[in-house]
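Shown below is the structure under consideration.
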Amino acid sequence: MNQSFMYIKLMFINNQKTINDIIELNGVGLHNGINANLKIKPAIEDHGIKFCRTDVGKENLIEANYQNVVEPILCTKIKNKSGVTVSTVEHLMAAFFGEGVDNALVEIDASEVPILDGSASEFVDAIRSVGVKDQKELRKFIKVLKKVEITEGKKYISIEPLENDLVVDFEIVYSNPLIRTRRKEFKLSDGNLTNIYNSRTFCLYEDIDFIKSQGLAKGGSLENAVVVKGNEILNDDGLRNRHEFVYHKILDCLGDLMLSGFRLFGHVRTSQGGHALTNKLLIKFFSDKSNWSLEKAKLSKNNNQIKNSSKKTLSANV
């Protein structure tokens, strides 16, 4: 049995998962510059991912759902009905996606998730340090039934049916001579998310003053973002991989897709996409029930055999 087949088969038959133990992290928010303490706790079946603002006394629970996204400018912010928000959730959501975490409660004492090193790698390391465990309930997944697309000038995003896999085909277009136009495809069934996880957020040097004038990037530094000036990377360590720019955009996209509430099978194509465009796609996609179906994983007598074999070959537990 080849690796890709085992990987896809596992996605259909495995149960919901949560973390084995509490995770504690802290760091500065990229945009608000405020230090935040993060505590990620295991949660029961069908809980999903929820954030709890412990610095807010009442009505402080926020469901990680695309319907709760507001002002998706340079990050993804979610808000509950009482107006309580938490922002920059996308890297943590991408880590939950890649590491197979379906249920967790994220307690945070500030309004923005710590940026850490600008990628998802520290979140992933923390999840792997405690491990994940199977729960009794089977997973549900979203099956794409019809193509849905959005075009805004030169920006484009679409999702269309694809059996038993998630593919994200992402193109970035920059006039900067170092970044340029780049395009990469992520395929969930390939199993290795290392370069996606490790790719950091980035910006152009000439955009920094404008970004800060908008009240953003107060916590930004070369410790948590790649800064590009002309043909030069200002970070001493350079790039972590040659496709770091576009891989980070894929990371963001995976985190935003995780706001669907369930894992999704389909083919996403986008050019010059971002948080706002992905959210608009999800809103349009879910607005028509003929576009999708919610299906439940099925048990198989070969479940344990497949899971044990997969542990030897797969780097991501999705």
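When DSSP beta bridges are limited to those with both residues in the stretch 3-311, what percentage is antiparallel, rounded to the nearest 5?
Antiparallel bridges make up about 70 percent of those DSSP assigns within the stretch 3-311.
Now a separate question. With the dipole of the stretch 131-229 worked out from charges on the C-beta (+1 for Lys and Arg, -1 for Asp and Glu) around the Cα centre, which of 214, 174, 135 lies farthest toward the positive end?
135
Going highest first, how would you order 246-257, 175-186 by mean Cβ packing within 10 Å?
246-257, 175-186
Something else now. Calculate one ³J(HN,Hα) per residue across the stretch 144-157 by plugging θ = phi - 60° into the Karplus curve 6.51 cos²θ - 1.76 cosθ + 1.60, and present them in order as whole Hz with x for glycine and proline.
Values per residue, Gly and Pro as x: 7, 9, 9, 6, 10, 9, 9, 10, 10, x, 8, 8, 8, 8 Hz.
How much FRET efficiency would the formula 1/(1 + (r/R0)^6) give for residue 58 and residue 208, where r is the Cβ-Cβ distance and R0 is 35 Å, rounded to 0.05?
Efficiency for this residue pair is about 0.40.
While we're looking at this one, here's another question. Obtain the nm distance between the two label points defined at residue 133 and residue 24 by a simple spin-label model: each point lies 7 Å from its Cα along the Cα-to-C-beta direction.
Placing both labels 7 Å beyond Cα along the Cβ direction yields 2.0 nm.
Hey, another quick one. For a quick check: with amide H placed at 1.01 Å from N, whose amide H comes under 5 Å from residue 26's, ignoring anything fewer than 5 positions away on the same chain?
Under 5 Å from the amide H of residue 26 lie the amide H atoms of 38, each far enough along the sequence or on another chain.
Once both axes come from the Cα atoms, what is the angle between helix 90-99 and the longest principal axis of the chain, in degrees from 0 to 90, rounded to 10?
On a 0 to 90 degree scale, this one is about 30.
Let me ask you something else. On a 0 to 90° scale, report how tilted helix 244-257 is relative to the longest principal axis of the chain, with both axes built from alpha carbons and the result rounded to the nearest 10.
50 degrees
If each residue's Cβ is checked for other Cβ atoms within 10 Å, how do 201, 85 rank with the fewest at the top?
Starting with the residue having the fewest Cβ neighbours, the order is 85, 201.
Report, in debye and to the nearest 20, how large the dipole of the stretch 105-155 comes out about its Cα centre when Lys and Arg carry +1 and Asp and Glu carry -1 on their Cβ.
Using Cβ point charges on Lys, Arg, Asp and Glu, the stretch 105-155 gives about 680 debye.
Using the crude model of +1 on Lys and Arg Cβ and -1 on Asp and Glu Cβ, and no other charge, please compute the dipole size for the chain relative to its Cα centre, in debye to 20.
I would put it at about 1120 debye.
Something else now. How high is the relative contact order of the chain, in percent, with contacts defined as C-alpha pairs under 8 Å that are six or more residues apart?
27 percent
Suppose each label sits 7 Å from its Cα in the direction of the beta carbon; what would the residue 185-residue 231 distance come out to in nanometres?
Placing both labels 7 Å beyond Cα along the Cβ direction yields 3.2 nm.
Using helices alone, I'd like the mean residue ellipticity at 222 nm for the chain: each DSSP H run of four-plus residues gives -39500 (n - 2.57), total over residue count, nearest 500.
Here the helix-only value at 222 nm equals -7000 deg cm²/dmol.
Once amide H atoms are placed 1.01 Å from N in the peptide plane, what residues at a sequence separation of 5 or more from residue 33, or on another chain, have their amide H within under 5 Å of its amide H?
218, 219
Moving to a separate point now. Straight distance only, please: which aspartates and glutamates reach the Cα of residue 133 with their own Cα at less than 13 Å, same-chain residues fewer than 8 apart left out?
Qualifying aspartates and glutamates at Cα under 13 Å: 21, 45, 99, 102.
Using θ = phi - 60° and the Karplus form 6.51 cos²θ - 1.76 cosθ + 1.60, what ³J(HN,Hα) does each residue of the stretch 174-191 get, whole Hz, x for Gly and Pro?
Whole-Hz 3J(HN,Hα) from phi for the stretch 174-191: 10, 7, 4, x, 8, 6, 6, 9, 9, 9, 9, 10, 9, 10, 4, 5, 5, x.
List every residue whose amide H lies under 5 Å from the amide H of residue 49, counting only residues 5 or more places away in sequence or on a different chain, with H placed 1.01 Å from N in the peptide plane.
So residue 49 has HN proximity to 64, 104.
Still on this structure, I have one more. Once you put a point 7 Å from the Cα of residue 165 and another 7 Å from the Cα of residue 293, both along the Cβ direction, what distance in nm separates them?
Distance between the two pseudo-spin positions: 2.1 nm.
Which is farthest toward the positive dipole end of the stretch 3-311 among 235, 34, 62, measuring Cα position about the Cα centre, with Cβ charges +1 (Lys, Arg) and -1 (Asp, Glu)?
62
Every read-out reported here was derived from the displayed coordinates using simple, explicitly stated rules and does not represent laboratory data. Please read all numbers here as calculations on a predicted model, not as lab measurements. All Cβ positions, glycine included, derive from the backbone under ideal geometry; neighbour counts span all protein chains shown.
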